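What follows is a set of notes on a single structure, which appears directly below.
The values are calculated or read from the model by the stated rules, or taken from the named source; none is laboratory data. Since this is a predicted model, take the numbers as computed values, not measurements. Positions of Cβ are generated from backbone atoms using ideal geometry, with glycine treated the same way; all protein chains shown enter the neighbour counts. Surface areas here come from the heavy atoms of the whole protein model, side chains and all, with no ligands, DNA or RNA. Shrake-Rupley method; radii C 1.70, N 1.55, O 1.52, S 1.80 Å.
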Amino acid sequence: MHIDARTIENNAIIEGDICIVGAGAAGISMALDFMNTKYKVVLLESGGFEYDSRLQELNDGSTSGQKYFPLQSTRLRYFGGTTGHWTGLCTPLDSLDFKKREHVPNSGWPITKTDLDPFYERAQKTLQLGPYNYEYSYWKNQRPNLIAYPLDENIIRTKIWQINPSRFGSLYRDSIINAPNIHLYTYASAINIDANETASAVDSILITNESGKKQEVRAKYFVMACGAIQNARLLLSSRKQATNGLGNDFDVVGRYFMEHLDIKAGELWLFETFETDLYSWGPTKAELALTEGTQFKNKTLNATVSVHSPLAVGKHVKPLIETWQDNDPRKALEQTDNRSLMSKILRLKSKISQPTAFDMDCNAEQAPNPNSRITLSDEIDYFGVQKVHLRWELTPLDKHSIRSTLALIGQQMGASGLGRVKLKEFLEDESDTGFPELVSGGFHHMGTTRMHDDPKKGVVDANCMVHGMTNLFIAGSGCFPTSGAANPTLTLIALSHRLSDYLKENFEAI
Ligand SMILES: Cc1cc2nc3c(=O)[nH]c(=O)nc-3n(C[C@H](O)[C@H](O)[C@H](O)COP(=O)(O)OP(=O)(O)OC[C@H]3O[C@@H](n4cnc5c(N)ncnc54)[C@H](O)[C@@H]3O)c2cc1C
């Protein structure tokens, strides 16, 4: 059922069993899990069903540190959330991403990959992807022209991705609206989380819209699914019962903001052409990565390296951080589409003579860093909520990892007689730990409400429940303690399905 919150009277009280705030990838995935159950779900969405420039302004914020995209352009405020723009590149995290790695400070999840596997399988379906199988051998059997470079498998592995940019807004709109127990409220922006006196439980969430009217939403359980930045913002700005913000007794909310570093890090020069579709875009695509053992031995973070773009094409394509600088995400996307269109045309041209030189685009894990963080700024939005400030801060370990990954792939290319790798200039001086401006992110916001068993080190526990609170949960990539090198949406949807099951199983008990 759908209700436009602008039509509801001022000060009305809305009640449900579970209130989910945010109808994007995470929120919709959870609402689908509760469809046709006995629970009344109140799904609150800040926007309507279409893009709205005025509402988009609510994502505004300032940035410092490593150059970043205008914050307003990195998330969408309407039903379906940022799946309205995403590319749809999916792969699960690796088992190693969940482990505590001595060389990666603050690493280690309180759950393992095996815990998440059944939920990954469900997330594949929610995203309308193929089978939950990311083994190279499986895909090679499906398409024999997926031939991997013959590199030492103990050192270099093939990381498979599946691609399907499902738009949740159109895909799930009818199912959600037609579900009698899902009460979707559009134009319902959450502006405060009101807790009990001891800040141990949420009583209600205050919503508003441009009509100026406000309503209170009461439920047994509340799930914040507004994205990693907006979730942290709402926790930090809800200070009536907790001076530092809800769930923030130990000053962790907003810290450990992580992105995936996206940068041209090298050039691959093959001695002769190598016929394969493995590394090109199709229903799948593959990238090169270091094996777990090699990462531990060389004390690196995780990273994947794409080798699909011929050098002759890549030299015409500007880094994303340069083309994506408009506040309006539609204009920024248009710039990027132009960029990829040009790249497609050039690639077609370059097929005439099979390319032997490729850009090596690195997609790298960022080390969890407490100083890379979201805070509240002094500016307020038109609903009176403080805007955010993002300080994106990288570390020497990030740089070391990219350099080592490229260097090790280069060694293996040489050892196998396939070719040579040339590192980009910014990696040449090993003593230089800084990053050039041309590092982009992947629009992957992670870590601001990280998961940890210890409330001093994390905001949520292994079940995504906010520490110290009995009925407040977070859904989304803000819960990731480390980012791995896998794009986050498949994993955040898997975590959301896991949270749905937890709530169903424990509805009476917790
Ligand atoms: C250009 C681009 C390309 C991308 N490509 C990929 C990719 O290839 N692979 C990948 O894994 N990821 C990709 N991503 C990231 C992906 O879009 C996000 O990981 C995913 O959408 C996050 O899901 P979410 O539900 O946490 O947030 P969102 O999808 O952003 O949804 C959050 C929802 O909450 C609502 N909301 C926000 N604040 C409030 C509030 N106060 N009250 C009520 N509602 C609120 C918003 O309107 C929105 O509908 C890409 C992103 C962009 C921008």
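Might you check whether a residue that is modelled with pLDDT of 95 or more, more than 24 Å from Trp161 (Cα to Cα), touching a Leu at 6+ places or on another chain (Cβ under 7 Å) and within 16 Å of the ligand (Cβ to nearest atom) occurs anywhere in the stretch 370-377? Before the answer, list the steps.
First pass over the stretch 370-377, keeping only residues modelled with pLDDT of 95 or more: 370-377.
Filter once more, keeping what is more than 24 Å from Trp161 (Cα to Cα): 370-377.
From the residues that got through so far, the ones that are touching a Leu at 6+ places or on another chain (Cβ under 7 Å) too are 374, 376.
Still in the running and within 16 Å of the ligand (Cβ to nearest atom): 374, 376.
Checked against the condition, which is being modelled with pLDDT of 95 or more, more than 24 Å from Trp161 (Cα to Cα), touching a Leu at 6+ places or on another chain (Cβ under 7 Å) and within 16 Å of the ligand (Cβ to nearest atom), the stretch 370-377 yields at least one hit.
Looking only at residues in the stretch 165-180 that are among the small types (Gly, Ala, Ser) and within 23 Å of the chain's Cα centre (by Cα), the one that is surrounded by the most Cβ atoms within 10 Å (Cβ to Cβ) is Gly169.
The set of residues in the stretch 153-164 that are polar (S, T, N, Q) and surrounded by fewer than 13 Cβ atoms within 10 Å (Cβ to Cβ) contains only Asn154. Against the test of being in a helix (DSSP H, G or I) and within 16 Å of the ligand (Cβ to nearest atom), the options Gln230, Gln215 yield a single qualifying residue, Gln230. Within the stretch 133-144, being under 23 Å from Asn302 (Cα atoms), touching a residue at least 24 places away in the same chain (Cβ under 8 Å) and in a loop (DSSP other than H, G, I, E, B) holds for Tyr134, Glu135. Just one of the listed residues (Thr294, Thr243, Thr276, Thr304) is under 24 Å from Glu102 (Cα atoms) and open to solvent by 10 Å² or more (accessible area, probe 1.4 Å), namely Thr294.
Just to be sure I understand the filter: pairs with C-beta atoms under 6 Å, separated by 6 or more residues or on different chains, first member in the stretch 49-74 and over 21 Å from His260 (Cα atoms), second member surrounded by fewer than 18 Cβ atoms within 10 Å (Cβ to Cβ). Which pairs pass? Close Cβ pairs (under 6 Å, with a partner that is surrounded by fewer than 18 Cβ atoms within 10 Å (Cβ to Cβ)) amount to Leu58/Asp381. Applying the condition of being among the β-branched types (Val, Ile, Thr) and farther than 27 Å from Phe274 by Cβ to the stretch 102-152 and asking which residue is most open to solvent (accessible area, probe 1.4 Å) yields Thr114.
Check whether at least one residue in the stretch 145-152 is part of a loop (DSSP other than H, G, I, E, B), touching a Lys or Arg at 6+ places or on another chain (Cβ under 7 Å), away from the ligand (no atom under 15 Å from the Cβ) and more than 30 Å from Lys38 (Cα to Cα), and report yes or no. Reasoning before the result, please.
At the first step, the residues of the stretch 145-152 found to be part of a loop (DSSP other than H, G, I, E, B) are 145-152.
Next, from what is left, pick out any that are touching a Lys or Arg at 6+ places or on another chain (Cβ under 7 Å): 146.
Filter once more, so that each one left must be away from the ligand (no atom under 15 Å from the Cβ): 146.
This time we only want the ones that are more than 30 Å from Lys38 (Cα to Cα), so: 146.
Yes: the stretch 145-152 contains one or more residues that are part of a loop (DSSP other than H, G, I, E, B), touching a Lys or Arg at 6+ places or on another chain (Cβ under 7 Å), away from the ligand (no atom under 15 Å from the Cβ) and more than 30 Å from Lys38 (Cα to Cα).
Quick check on the stretch 83-95: of everything there that is touching a strand residue (DSSP E or B) at 6+ places or on another chain (Cβ under 9 Å) and of a type in the set (S, T, N, Q), which residue is modelled with the lowest pLDDT? Give the steps one after another, and end with the answer.
Quick first cut of the stretch 83-95, residues touching a strand residue (DSSP E or B) at 6+ places or on another chain (Cβ under 9 Å) only: 87-91, 94.
Narrowing further to those that are of a type in the set (S, T, N, Q): 87, 91.
Values: Thr87: 95, Thr91: 98.
Across the stretch 83-95, the extreme among qualifying residues is Thr87.
Yes/no matrix, rows are residues, columns are (1) out of contact with any strand residue (DSSP E or B) (no Cβ under 7 Å at 6 or more places or on another chain); (2) open to solvent by 30 Å² or more (accessible area, probe 1.4 Å):
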residue: Ile182; (1), (2): no, no
residue: Tyr187; (1), (2): no, yes
residue: Asn192; (1), (2): no, no
residue: Asn196; (1), (2): no, yes
residue: Ala228; (1), (2): no, no
residue: Arg239; (1), (2): yes, yes
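Here Leu235 fulfils each of the conditions (1) away from the ligand (no atom under 16 Å from the Cβ); (2) at pLDDT 90 or above; (3) not in a strand (DSSP E or B) apart from (1). Taking the listed residues Thr273, Thr304, Thr294, Thr300, the one that is touching a helix residue (DSSP H, G or I) at 6+ places or on another chain (Cβ under 9 Å), of a type in the set (Ser, Thr, Tyr), assigned to a loop (DSSP other than H, G, I, E, B) and touching a residue at least 12 places away in the same chain (Cβ under 8 Å) is Thr300, with no other qualifying.
Just one of (1) within 26 Å of the chain's Cα centre (by Cα); (2) buried (at least 19 other Cβ atoms within 10 Å of the Cβ); (3) over 30 Å from Asp359 (Cα atoms) fails for Asp262. It is (3).
Check the stretch 153-168 and report whether any residue there is of a type outside the set (Phe, Trp, Tyr) and assigned to a helix (DSSP H, G or I). I'd like the intermediate steps shown before the answer.
Here is the first cut: in the stretch 153-168, the ones of a type outside the set (Phe, Trp, Tyr) are 153-160, 162-167.
Within this subset, residues satisfying the condition of being assigned to a helix (DSSP H, G or I) are none.
There is no residue in the stretch 153-168 that is of a type outside the set (Phe, Trp, Tyr) and assigned to a helix (DSSP H, G or I).
Looking across the stretch 66-107 at every residue that is of a type in the set (A, V, I, L, M) and within 16 Å of the ligand (Cβ to nearest atom), the one that is farthest from Glu322 (Cα to Cα) is identified as Leu93. A search for C-beta distances below 7 Å between a residue of the stretch 211-237 that is touching a residue at least 24 places away in the same chain (Cβ under 8 Å) and of a type in the set (Ser, Thr, Tyr) and any residue that is surrounded by fewer than 24 Cβ atoms within 10 Å (Cβ to Cβ) and assigned to a loop (DSSP other than H, G, I, E, B), counting only pairs 6+ apart in sequence or on different chains, returns Tyr221/Asn471; Ser237/Gly245; Ser237/Val385.
So which strands (runs of 3 or more DSSP E) stay within the stretch 1-82 end to end and still have 1 or more residues that are at pLDDT 95 or above and surrounded by fewer than 16 Cβ atoms within 10 Å (Cβ to Cβ)?
Working: elements: 2-4, 13-15, 18-21, 41-44, 61-65.
So the answer is 2-4, 13-15, 61-65.
Flag not set for Thr284, criterion: closer than 26 Å to Glu425 by Cα and touching a residue at least 60 places away in the same chain (Cβ under 8 Å).
Can you find even one residue in the stretch 288-295 that is among the aliphatic types (A, V, I, L, M), under 23 Å from the mean Cα position of the chain (by Cα), within 16 Å of the ligand (Cβ to nearest atom) and closer than 19 Å to Leu261 by Cβ? Please lay out each step first, then the result.
Here is the first cut: in the stretch 288-295, the ones among the aliphatic types (A, V, I, L, M) are 288-290.
Right, trim to under 23 Å from the mean Cα position of the chain (by Cα) and you get 288-290.
Filter once more, keeping what is within 16 Å of the ligand (Cβ to nearest atom): none.
Checked against the condition, which is being among the aliphatic types (A, V, I, L, M), under 23 Å from the mean Cα position of the chain (by Cα), within 16 Å of the ligand (Cβ to nearest atom) and closer than 19 Å to Leu261 by Cβ, the stretch 288-295 yields no hits at all.
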